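Please read the structure below before turning to the comments.
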Amino acid sequence: IDWTREQGWHDARIVPYGPLQLDPAASVLHYAQEIFEGLKAYRHADGSVWTFRPEANAQRFQLSARRLALPELPVDLFIESLKQLISIDKAWVPSAPETSAYIRPFMIANESFLGVRAAERAAYHVIVSPAGSYFAKGMQPISIWLSSDFSRAGKGGTGEAKCGGNYAASLLPQQEAYANGCSQVLFLDAEEHTYLEELGGMNIFLVRKDGTLITPKPSGSILKGITRASLIQLAKDMGLKVEERRVALQEWRDGINSGEITEVFACGTAAVIAPISALKHKDFIVGDENAPAGEVTVALRNKLTGIQYGLEEDTHGWLTRLA
Ligand code: PMP
C-alpha cells in the first residue's frame, strides 16, 4: 500500500514476490527511515489458519511509525493485509507440529531526495514465509553473551520502536556473541550499564524459587514484546506473582549463587520461550551451560503454544482467524 502526504494511503495491491524498485536517492537507503513487525500464522487441526494478537502488532507498528516520523497505518488495514495475503494460499502455512508461517510487515520511506527530513512518500509491504520449528530437536536451553562495550538504545532513542536501525546497532555485539558460542547478546542499560534491558531479539525474565517472575519494566529503551505481555498475563492466570521493575545484573548473579533465582528465560515471537542456562562474559559465567529448562519455563511455553496452535482454550480472545 502506498502513501503520500497529498493522497494518504492508496493503491493496495498484491503482486508476485520479487525485487523492489527503489530510486538510489530513496530516503530509506540513506537515513534508515524504516519500521517493521513480526508475527506468525498457525495452522489448527481443522485446517484453519490463525494469528496471535495482531492488533497489538498493529498498535506497536503505529508507535514505531510515530517515532520514525512515518505515517500511521490504520489497525484494520494492517490486519486486513495479513488476511488477504494468507488467503491467497493457505499452503504457505505448514501443518507439522511447532511449524508456522512467519509474516513480516514493513514500511519504508521512499521519497527521492538527499536532505535530512521526514519523507513525504512511503510504502507498506507484507511478505510471508513458511517457518520450521525453532527448536527442531526439542526445547534446548541457550547460552547468552553479555556485551560489555555496547548498548542497544538509550533514553530518548529509538529502543521502543521496531526499526531497522536498532538491529543494525546490535549486529556487531551479536557477532561477538556467536564468536563466544552464544546465540544471543544481552544488553544492559546505556546510562549505568547495571540493569538488564533485553536480548538482541527477545525480552528476558528471571524466575524466583517461589515462582515469582521478574522482568525489566519498559522505560522507553526496550521493545514491549507481545510475547512478554502475554506471558505476564498467563503467569497471573496460573497464580504466579509478576514483578515489573528495574532488575540489576547483580541480582541475577547473586540469585543464581544463593539459589534464590531458579530459572531464566527469553521470549519473543520466533522462539516463544527459550530457556537460558548461562550468561557468559569475558570475565565470568553465571549459571551452568548444561542446566535443563525449568518447570515454570516449560509450563508457560506449553500454555502459550497451546493457545496459538488451538490446543488450549483462548480465554483472552487473542486469536484472529486469517483463513
Ligand atoms: N526485543 C527485541 C529487540 C525483539 O526484536 C523482539 C522480537 N520482536 C522482542 C523483544 C520480542 O517481541 P515480541 O514478543 O513482540 O516478538
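Here, each number is a calculation from the coordinates, and none is a lab measurement. Worth saying up front: this structure is predicted, and the values here are computed from it rather than measured. Note that we place each Cβ from the backbone using ideal geometry, even for glycine, and neighbour counts take in every protein chain shown.
Odds and ends about this structure:
- Binning all Cα-Cα separations of the stretch 48-199 at 5 Å, short to long from zero, yields these whole-percent fractions: 2, 8, 13, 14, 15, 17, 16, 10, 4, 1, 0.
- Legend: distances between Cα atoms for Lys137/Lys303; Lys83/Lys224; Lys137/Lys224; Lys40/Lys83; Lys162/Lys303; pairs beyond 18 Å are Lys137/Lys303; Lys83/Lys224; Lys137/Lys224; Lys162/Lys303.
- Net dipole in debye of the chain [+1 Lys, Arg Cβ; -1 Asp, Glu Cβ; about Cα centre; nearest 20]: 220
- At q = 0.19, 0.21, 0.29 Å⁻¹, base-10 log of I(q)/I(0) for the stretch 123-192 (Debye sum, equal scatterers on each alpha carbon): -0.94, -1.01, -1.21
- Exposure proxy shown here: for Val296, Val126, Val116, the number of other Cβ atoms within 10 Å sets the order, fewest to most, as Val116, Val126, Val296.
- For Cys267, Cys163, order by how many other beta-carbon atoms lie within 10 Å, fewest first: Cys163, Cys267
- Across the stretch 142-308, Cα-Cα distances exceeding 23 Å account for 33% of all pairs.
- Globularity index of the stretch 76-159, i.e. its alpha-carbon radius of gyration over 2.2 N^0.38 Å: 1.61
- With both labels modelled 7 Å from their Cα along Cα-to-Cβ, the Glu55 to Val242 distance reads 1.8 nm.
- Between the stretch 197-234 and the stretch 59-116, the alpha-carbon center distance in angstrom: 24
- Peptides ranked, highest mean first, by Cβ atoms within 10 Å: ranges 142-153, 279-290: 142-153, 279-290
- Reference-scaled alpha-carbon Rg (2.2 N^0.38 Å with N residues) for the stretch 177-252: 1.14
- Two-decimal log10 I(q)/I(0) for the stretch 4-123, as the Debye equation yields it once each C-alpha is a single scatterer, q = 0.10, 0.13, 0.22, 0.23 Å⁻¹: -0.36, -0.59, -1.30, -1.36
- Principal semi-axes of the equivalent ellipsoid, √(5λ) from the alpha carbon gyration tensor of the chain, are 33, 25, 17 Å from largest down.
- Of the GluC sites (Glu not before Pro) in the stretch 1-91, the ones in a loop by DSSP (not H, G, I, E or B) with at most 10 other beta carbons within 10 Å are Glu6.
- Point-to-point label distance, Ala270-His316, nm (Cα→Cβ direction, 7 Å offset): 2.3
- Put in order of Cβ neighbour count within 10 Å, fewest first, the listed residues Ile232, Ile108 become Ile232, Ile108.
- Length-normalised contact order of the chain in % [C-alpha pairs under 8 Å, at least 6 apart]: 20
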